[in-house]
Amino acid sequence: MTNQDMATPQNRVPALNRPNMVSVGTIAFLAQELMFFAGLFAMYFTSRANGLANGDWSTQTDHLNILFGGIITVVLIASSFTSQFGVFAAERGDVFGLRKWFTVTVVLGVIFLGLVAFEWTEMVMAGVTPQSSVFGSVVYIITGFHMAHVTAGIIAFIVVLLRVAKSKFTPAQATAAMAVSYYWHFVDAIWVGVFITIYLVQ
């Protein structure tokens, strides 16, 4: 009996289907970030309860521009779609499509940052500052940390674009594009929660 004859189906070791470690690491990181933002939302609602009891919370929320906040939200949601279109292009091996959609995503992200900064300016001119009230403090903290995450996402997109431009497109680059897209979808989802909490619930 030869070695080949002995390699029966019962003797063969089944192949292990291991998950992509980049995806697993990204999901674990996002779970940690979710807990971080959960803490920020808890801070907001605790401060809101105290502010409503003191009677000064509603006077601060009157300065929020809900329509403008909605426009900001639409811009970021649109960037989530363009990011996913870039991932679809990467999965097809379409480097041009990846570059195009990720570039559009970066532009929309920068526009989002500019709009939030403009909203901050309007609030400061209306007298809502971190020093003026608890409401001002928690709003600037939450939106500030979110803007920092958006900035990190934009940098990540730029890194992927530079890697694609400088070397041959590989499956590893497609995986990186997908991981960055996961992060961006998370950031967008968090902003939807921020918009509902700050602008609608108040």
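Before moving on, here are some points about what is shown:
- When the test is whether a residue is β-branched (V, I, T), open to solvent by 30 Å² or more (accessible area, probe 1.4 Å) and at pLDDT below 90, V13 passes it.
Each row is one residue, and each column tells you yes or no for (1) polar (S, T, N, Q); (2) closer than 30 Å to N54 by Cβ.
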site	(1), (2)
L108	no, no
T121	yes, yes
V124	no, yes
F157	no, no
L161	no, no
V192	no, yes
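- So A7, is it surrounded by fewer than 14 Cβ atoms within 10 Å (Cβ to Cβ) and at pLDDT 80 or above: no
- Matching residues, segment 69-100, being closer than 17 Å to V150 by Cβ and open to solvent by 20 Å² or more (accessible area, probe 1.4 Å): I71, V74, V75, I77, A78, S80, F81, Q84
- Members of segment 127-157 found to be surrounded by 15 or more Cβ atoms within 10 Å (Cβ to Cβ) and among the aliphatic types (A, V, I, L, M), listed by number: V128, V134, V138, V139, I141, I142, M147, V150, I154, A156
- Residue under evaluation T73, criteria (1) over 23 Å from the mean Cα position of the chain (by Cα); (2) polar (S, T, N, Q); (3) modelled with pLDDT of 95 or more, criterion not met: (1)
- Any pair with Cβ under 8 angstrom, 6 or more apart, that starts in segment 117-133 at a residue that is in contact (Cβ under 8 Å) with a residue 12 or more places away in the chain and ends at one that is open to solvent by 50 Å² or more (accessible area, probe 1.4 Å) and among the charged types (D, E, K, R): S133/D56
- L34, sole failed condition from (1) at pLDDT below 95; (2) under 22 Å from the mean Cα position of the chain (by Cα); (3) open to solvent by 80 Å² or more (accessible area, probe 1.4 Å); (4) more than 17 Å from T197 (Cα to Cα): (4)
Residues checked against (1) among the β-branched types (V, I, T); (2) modelled with pLDDT of 95 or more:
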residue	(1), (2)
I111	yes, yes
F118	no, yes
V128	yes, no
T175	yes, no
A179	no, no
V192	yes, yes
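The values are calculated or read from the model by the stated rules, or taken from the named source; none is laboratory data. Keep in mind the model is a prediction, meaning the values are calculated, not measured. Backbone-built Cβ (ideal geometry, glycine too); neighbour counts: all protein chains shown. The area values use the complete protein model at the heavy-atom level, side chains included, leaving out ligands, DNA and RNA. Shrake-Rupley method; radii C 1.70, N 1.55, O 1.52, S 1.80 Å.
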